[in-house]
Amino acid sequence: MAALFTKFCSQALTIFLLLLPALFSQSYAGVVVVYWGQNGGEGSLTDTCNTGKYQIVNIGFLSKFGNGQTPEINLAGHCNPASNGCQGEGAGIKNCQSKGIKVMLSMGGGAGNYGLSSDADANGVADYLWNNFLGGQSNSRPLGNAVLDGIDFDIEKGGPFYDALARRLSDYSKRGKKVYLSAAPQCPFPDQYLNGALSTGLFDYVWVQFYNNRQCEFTTSNANAFKDSWNKWTSSIKAGQFFVGLPASSQAAGSGFVNPNDLKNQVLPFVKGSPKYGGVMLYDKFNDDRSGYSSQIRGSV
């Protein structure tokens, strides 16, 4: 009996010692987010979600809107919206959602003809988004009858009034299915174009672009610049979750690529200390296919 008691105590002590680090330090598990839509060589939306690598997919981009224009998507080599050729993507959206993957429509991008001229203009764009991509109804839904999960703000030019757009879209959540809002600001704080919108406190996800901005990117020689930026964003903006936005390969951006081992050993242990940590955003699916970046980091995110 004494031997059994001693063995039990030994096993209990081993388990306690294994759990001890978790009692004194807490980290938060995250997900991988990816942008899809700007290269026909990246595979279909169905292929993207069937990989099992991503929990949120941003379809990019709605690159024409505002100033009285009829909004228009640009999915590069995937389909031609002018001939209603992108309506078939609705099946891919539904496939993703059936797997529990959220699919967002990303507005803006680095190119295109977009901008808002007034609160009324912003409200008009929000109404179009609701009726053509979200829970409303229209005879001309560019992505078919699939109902997207929300709208992503990747605004890299133009003027203000995105706060009005965010408020109008958020109001639509009261009509039924929640409209998720996300944003992809540049890492220098505050963002030149999105600060007004983000200050509304209505955003569920914020994937900060820590690339093409050398002053706040992560480098092994100056990690503090990145850490200071991350802390500024997570402490200044009221949002559900924050993500580290990175290029999926060294070819995907002019600067800011982080070696997967550096991400796992230096970046993630730091950002996972925040209760607002959500995961990693990668740009984009085409480059992730070629680098295998998400596969290398998934177990650590």
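The values are calculated or read from the model by the stated rules, or taken from the named source; none is laboratory data. Worth saying up front: this structure is predicted, and the values here are computed from it rather than measured. A quick note on method: Cβ atoms are made from the backbone with ideal geometry, for glycine too, and the neighbour counts reach across all protein chains shown. Keep in mind that these areas ignore ligands, DNA and RNA; they rest on the heavy atoms of the full protein, side chains included. Shrake-Rupley method; radii C 1.70, N 1.55, O 1.52, S 1.80 Å.
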Mind counting the residues in the stretch 80-115 that are closer than 17 Å to D154 by Cα, open to solvent by 10 Å² or more (accessible area, probe 1.4 Å) and more than 18 Å from the chain's Cα centre (by Cα)? 4
For the structure I just gave you, tell me whether G196 is of a type in the set (G, A, S) and out of contact with any Asp or Glu (no Cβ under 9 Å at 6 or more places or on another chain). no
For a quick check of your reading of the model, give me the residue pairs whose first member lies in the stretch 221-240 and is over 13 Å from P188 (Cα atoms), whose second is open to solvent by 80 Å² or more (accessible area, probe 1.4 Å), with beta-carbon atoms closer than 6 Å and at least 6 apart or on different chains. none
Keeping to the stretch 207-265, report how many residues are farther than 23 Å from Q55 by Cα and aromatic (F, W, Y). 2
Could you list, in sequence order, all residues of the stretch 98-126 that are over 19 Å from G60 (Cα atoms) and of a type outside the set (G, A, S)? K99, D119, D121, N123
Evaluate the stretch 264-271: report whether one residue or more is at pLDDT 95 or above, hydrophobic (A, V, I, L, M, F, W, C), over 13 Å from C187 (Cβ atoms) and open to solvent by 10 Å² or more (accessible area, probe 1.4 Å). yes
Hey, among the residues in the stretch 272-301 that are charged (D, E, K, R) and touching a Ser or Thr at 6+ places or on another chain (Cβ under 8 Å), which one's most open to solvent (accessible area, probe 1.4 Å)? R290
Any idea which of (1) in contact with a Gly (Cβ under 6 Å, 6 or more places away or on another chain); (2) open to solvent by 20 Å² or more (accessible area, probe 1.4 Å); (3) at pLDDT 95 or above is the one G41 doesn't satisfy? (1)
Across the stretch 44-79, the tally of residues that are among the β-branched types (V, I, T), assigned to a strand (DSSP E or B) and surrounded by fewer than 18 Cβ atoms within 10 Å (Cβ to Cβ) stands at 1
The listed residue being open to solvent by 40 Å² or more (accessible area, probe 1.4 Å), assigned to a loop (DSSP other than H, G, I, E, B) and out of contact with any strand residue (DSSP E or B) (no Cβ under 8 Å at 6 or more places or on another chain), out of N131, N145, N123: N145
